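Some notes on the structure that comes next.
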Amino acid sequence: MMSNLQGCALAGAMMAASAVALSVVPAAAASIEGTWKISTPASSFTPTNGPIPFTADTKKDYEDNQASLVKGDFSFDRTQSRCSSPGVPRLSLTPLPFRIWVRPLAVTFQYEWNRLTRTVDLTGRKFDAPFAGPAIGISQGHWEGGALVIKGQYFSEDTLIDDAVPHSDSMVVDERLHLKGANTLEDDFTITDPDSFTRPWHTKVTYTRQPDQAFAEDICLDRLNTGQMPLPMIKR
Amino acid sequence: MRCSSSPVCAVTLGLALALASTAFAQAPPPGGPGGPPGGAPPAPPVDHSFDDLKLPPNGVGLGGIFPPLATPVPPNAPQPSPDPRNLEGAWVHTQSLVFSINQDIDGIRPPYTPRAHKLLAKRLKSIADSKPFINASSTCHPPGLPWQQDLNFPFLIFQSKNRIDVLYQEYHGLQTIYMNPADAPKTRSYMGTSIGHWDGNTLVVVTKGMKNPIWIDVDGTPASANAVITQRIRKVKDGPWSLRIETTLDDPTYYTHPWSWVRDYAWRPEDQIFTEYDCETQVGDKTNNSNAGLVPEPPDDDKP
């Protein structure tokens, strides 16, 4: 049987559509492959460099969202009201396990939550800004030792950063995904969005390694249609 | 007749035709000594029993025609593993979108039961009347096999020791193939439960236990919730790499005997970078008519 890192034989050094160098996966990076789950469930991010530096307009939107949450009105939140993708970075708060597949061209995040995926492109190819950004944006990454360094951009502005924090389509999310031990994975986020925040702000999420097992068929719309919340509500 | 691959089938069929032609040439000629009466031989009987279905040509549906995927992968692109049992990578259907699977591997009409005949006629009429029925696709639910594979969107295969995960871009679908039957869930699901084993270098996957009846294609060719779908999957190097999947549908509810067809999927390394597929934003919006003009289908009394 093949090693998981040998999924593609590196017979060529070029990508199909454009001439780009293939990523070389460091041996240490293989360790982040596996099944993970958020260590401390949360609905929102806790900033690590002071309070979230909202601009005035964004602060008002945030406060409106908070007021709606208190009333149980989720119409401002497409994930809670429609099961739309939480997008990046909110996907990292989903309560179910996710799997990371490390391959030379890409790192794929496979979430049990509503069967979503997110792919980090390691090819270094150029992307034009899409007409309408996806919830997960476009993520490009490279390896720095055993850490996966990701730059995410071109996001839809229709998602939230967490259960209440809005952002614009100018948001850029920089991540550094690295092991903190054999069974602990940390994702350090830097969120930059001059249209929404007065400076970049940082946060992080820690995951615990899970036994490798198949994911259940999670259908968010079935949960929503039977009165369950797409994502659990956990107090700040 | 069942074939393990379409080229083999073509060769077999060619041989059969050649033999038939030889046999005919050796028979006494019409009107000759010992031969049948002169004049044109009687035409074979024509089966008109499905004329009312107005089935489109195989591979073309009432919904229209999609162009085949096309640009070949350059020779310097990353190649699949040479290990024939390593199916990892991104694959995309090589053919035009098949709206209607209405020929088997030998080009013969599927063996519809009267119940299937009636149901399919109803579905085709609903499309012709511009009032198509609601189906799994329109409600943003996993459509099951083989519809999930036949769309012109990529799927990704990841292999582990006891499991093969197949991730589909469209509907953000997931098919888990359990290589150890003891690991498989006992409950029904939209995609059914898939159990696999190796037959030489061919992966044999048996899928059953669907939660609901499924449509095997866009036009609504039916399969019951109790259908058994067997797929023989192998990597083929016939010029470019492809994945060849022979599907056999065994479903006495709708077909008088099992029938099979073959599809090829091209190796597309660049397509492992999925683009987002989001149907929930529209379907989950309760302020709009989320059925988008589709109408509920009358029940066919086919619940498990």
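What the Cβ-Cβ distance of A:Glu144 and B:Arg85 gives, at R0 = 41 Å and to the nearest 0.05, is a FRET efficiency of 0.75. In this structure the amide hydrogen of B:Leu174, modeled in the peptide plane, comes within under 5 Å of the amide hydrogens of B:Tyr168, none closer than 5 places in sequence on its chain.
For the range B:107-114, backbone phi angles converted through the Karplus equation (6.51, -1.76, 1.60; θ = phi - 60°) give residue-by-residue couplings of x, 9, 4, x, x, 4, 7, x Hz, Gly and Pro being listed as x.
The overall shape of the range A:84-151 is oblate: from the C-alpha gyration tensor, with semi-axes ordered a ≥ b ≥ c, the ratio a/c is 1.5 or greater and a/b is no larger than b/c.
Could you tell me which of rounded, prolate or oblate describes the range A:147-233, using a ≥ b ≥ c as the square roots of the eigenvalues of the alpha-carbon gyration tensor, with rounded for a/c under 1.5 and, failing that, prolate when a/b is larger than b/c and oblate otherwise? The shape class here is oblate. Positive end of the dipole of the range B:117-199 (Cβ unit charges, origin at the Cα centre): among B:Tyr178, B:Ile195, B:His141, the Cα lying farthest that way belongs to B:His141. Note on the range A:112-188: Rg/Rh from Cα positions, Kirkwood definition for Rh, rounded to two decimals, is 0.99. Taking every C-alpha pair closer than 8 Å and separated by at least 6 residues, the mean separation divided by the residue count of chain A gives a relative contact order of 26 percent. The orientation-averaged projection of the convex hull spanning the C-alpha atoms of the range B:183-304 amounts to 11.0 square nanometres.
For the range B:169-247, the gyration tensor built on C-alpha atoms gives an oblate shape. Its axis ratio a/c (a ≥ b ≥ c) is at least 1.5, and a/b is not larger than b/c.
Extending 7 Å from the Cα toward the beta-carbon at both A:Ser39 and A:Thr208 defines two label points whose distance is 1.0 nm.
Counting, for every residue in B:172-181, the Cβ atoms of other protein chains within 10 Å of its Cβ and taking the mean gives 3. Spatially, the range B:199-248 and the range A:186-236 are offset by 34 Å when compared through their Cα centroids.
Can you return the aspartates and glutamates within cross-link range of A:Lys235? Criterion is Cα-Cα under 15 Å, with same-chain partners fewer than 8 residues away left out. Straight-line reach from A:Lys235, under 15 Å: A:Asp162, A:Asp163.
For chain A, the longest principal axis of the alpha carbon atoms and the long axis of helix A:56-71 meet at an angle near 70°.
Across the cross-link table entries A:Lys204/B:Lys186; B:Lys118/B:Lys208; B:Lys125/B:Lys211; B:Lys125/B:Lys186; B:Lys161/B:Lys286, which are compared at the Cα atoms, the separations over 31 Å belong to A:Lys204/B:Lys186; B:Lys125/B:Lys186; B:Lys161/B:Lys286. Potential lengthening of the chain between A:Phe131 and A:Ser31 amounts to 32.4 nm, from the contour at 0.36 nm per residue minus the alpha-carbon distance.
Bear in mind that the values in this text are calculations on the coordinates, not laboratory data. None of the values given here were measured: they were computed from a predicted structure. Note that we place each Cβ from the backbone using ideal geometry, even for glycine, and neighbour counts take in every protein chain shown.
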